[in-house]
1. Please find, among Leu100, Leu79, Leu69, the residue that is under 20 Å from the mean Cα position of the chain (by Cα), closer than 26 Å to Val136 by Cβ, crowded, with 19+ Cβ neighbours inside 10 Å and in contact (Cβ under 8 Å) with a residue 12 or more places away in the chain.
2. Determine the pairs where a residue that is under 17 Å from Tyr97 (Cα atoms), located within region 25-44, has a partner that is in a helix (DSSP H, G or I) and not hydrophobic (A, V, I, L, M, F, W, C) with Cβ atoms under 9 Å apart, the partner being 6 or more residues away or on another chain.
3. If a residue must be surrounded by 15 or more Cβ atoms within 10 Å (Cβ to Cβ) and over 11 Å from the mean Cα position of the chain (by Cα), how many such residues does region 82-94 contain?
Amino acid sequence: MAVFKNIIDILRIFLGNIDSKEIPKKGSITAIGGVIYYFAEYLLMVIAAAIVGFLRYYEWSVLEIFLILWPGNILVSYLIVRANDGSGVDFTFFQGYSRLTMQLPWENMALKILGIIAAIPIVGFTIFWQGAGPMVIFLKTRGHFKKEILGIILLAVSGLQMGIWTWLYVLGYESISDLIYGLR
């Protein structure tokens, strides 16, 4: 029964320090929001890949493609933060991750340090995969950053992520085009 209570405590913290009776409703809404968000995220990846393919076909440089994609990534990241804040639904799950790394009832200093260490892969995951929006949501929930700093983080992480993904998209396009042209 102690394990069940711990799972309830984890869900309660993840969903915003709610009463355990609210978990089914808020959990369902969060899960539905997450499904929609992750579907939209993959759709945006397909759109970005199509843009890169189109631009590379017309021989745009990697830098030119990056300069086209980066402002779009900044806008999408900003809209994700605004939608997450405005909806009251943690559809990215990053408010929950942040609360868990800060608020789990760690009994001793070693476990508190483990909570801090647990935040490190989450931050890495946002830089490579999730993007600047979830990174800002994660950090904003922690409450240690001013709005201006979060804006700079959004721009920097967005640029870093778009630099990585532009390079990967171009590499993928060139590999596929080399394969297709090699089959002729």
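1. It is Leu69.
2. Thr30/Gly96; Gly33/Asn84; Gly33/Ser87; Tyr37/Asn84
3. Final tally of qualifying residues: 4.
Bear in mind these aren't lab numbers, they're just calculated from the coordinates by the rules spelled out. What you are looking at is a predicted structure, and each value in this text was computed from that prediction instead of being measured. Methodologically, a virtual Cβ is constructed for each residue, glycine included, from the backbone with ideal geometry; neighbour enumeration extends over all protein chains shown.
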